[in-house]
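Encoded as structure tokens, the structure appears first; notes follow it.
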Amino acid sequence: EDQVTQSPEALRLQEGESSSLNCSYTVSGLRGLFWYRQDPGKGPEFLFTLYSAGEEKEKERLKATLTKKESFLHITAPKPEDSATYLCAVQGGGADGLTFGKGTHLIIQP
Amino acid sequence: DGGITQSPKYLFRKEGQNVTLSCEQNLNHDAMYWYRQDPGQGLRLIYYSQIVNDFQKGDIAEGYSVSREKKESFPLTVTSAQKNPTAFYLCASSIDSEPGSYNEQFFGPGTRLTVL
């Protein structure tokens, strides 16, 4: 059974204070690891797909990295508008849907 | 504008009633999915469909039913057999779901269902 654990559950940062969110996973035959951003009361917004260990992707202040056991979402010099819940999900070899973690609730204070 | 629409945004149901949630996409995606989101829990897969007139159960299909008569539409019915239906329901789609593929899923805005 595929499993995803995200940490921390919640994180409060000052504007400009860089940090990282963690996503640990166990999966049989990783087909893809996905990062989403979700604002309150809205559907998840796609950010990144990572396919293999060593891969990195960047978008504005966000950078996602992948190893064989975990993924990190690095946030550099965050702004208040980066406040959201960040979701990590995996798709395993035997699955068609995604297995999600519970998310990290990120708050960026001005 | 291409995207996924869900309606209604809010839905209230009395116990014992069946309700149907709508999901439409104009992205020409083959695969569609339904997830349920509860506070403090990750999204959980209810049903998915890779092609018209075919669908498979996800992890928590009991008390739900779906149909896929058109490529663009994948409605979800929450039946009275679902013991705890109050939740946020999310529909998603992806380009295809061929074995070995790894296509990202794009989500709609969600429907919040409350049982009174």
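Rundown of residues vs (1) modelled with pLDDT of 95 or more; (2) among the small types (Gly, Ala, Ser), yes/no style:
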position: B:Asp1; (1), (2): no, no
position: B:Phe12; (1), (2): no, no
position: B:Asn28; (1), (2): no, no
position: B:Asp59; (1), (2): no, no
position: B:Ser67; (1), (2): yes, yes
position: B:Glu72; (1), (2): yes, no
position: B:Ser94; (1), (2): no, yes
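Let's see how each residue does on (1) within 14 Å of chain B (Cβ to nearest Cβ); (2) aliphatic (A, V, I, L, M):
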| site | (1), (2) |
| --- | --- |
| A:Phe48 | yes, no |
| A:Gly54 | no, no |
| A:Thr67 | no, no |
| A:Ile75 | no, yes |
| A:Pro78 | no, no |
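Just one of (1) open to solvent by 50 Å² or more (accessible area, probe 1.4 Å); (2) within 14 Å of chain B (Cβ to nearest Cβ); (3) in a strand (DSSP E or B) trips up A:Pro40, so point out which.
Failing condition for A:Pro40: (3).
Within the stretch B:1-51, work out how many residues are open to solvent by 50 Å² or more (accessible area, probe 1.4 Å) and either away from chain A (no Cβ under 12 Å) or not in a strand (DSSP E or B) (or both).
So the answer is 19.
Select, from A:Glu56, A:Glu1, A:Glu60, the only residue that is free of Cβ contacts under 8 Å to residues at least 40 places away in the same chain, under 13 Å from the mean Cα position of the chain (by Cα) and open to solvent by 40 Å² or more (accessible area, probe 1.4 Å).
Only one candidate passes the filter, namely A:Glu56.
In the stretch A:75-104, which residues are part of a strand (DSSP E or B) and within 26 Å of B:Ser94 (Cβ to Cβ)?
A:Ala84, A:Thr85, A:Tyr86, A:Leu87, A:Cys88, A:Ala89, A:Val90, A:Gln91, A:Thr99, A:Phe100, A:Thr104
Given the residues B:Gly42, B:Gly63, which is the only one that is touching a Lys or Arg at 6+ places or on another chain (Cβ under 7 Å) and either over 29 Å from A:Thr5 (Cα atoms) or at pLDDT below 95 (or both)?
Residue meeting the stated conditions: B:Gly42.
Would you tally the residues in the stretch A:4-18 being assigned to a strand (DSSP E or B) and surrounded by fewer than 16 Cβ atoms within 10 Å (Cβ to Cβ)?
Qualifying residue count for the region: 5.
The values are calculated or read from the model by the stated rules, or taken from the named source; none is laboratory data. A quick note: this is a predicted structure, and the numbers were derived from the prediction, not measured. Because the Cβ atoms are built from the backbone with ideal geometry, glycine has one as well, and the counts that use them run over all protein chains shown. For the accessible areas, the whole protein counts, side chains as well, though only heavy atoms, and no ligand, DNA or RNA atoms are used. Shrake-Rupley method; radii C 1.70, N 1.55, O 1.52, S 1.80 Å.
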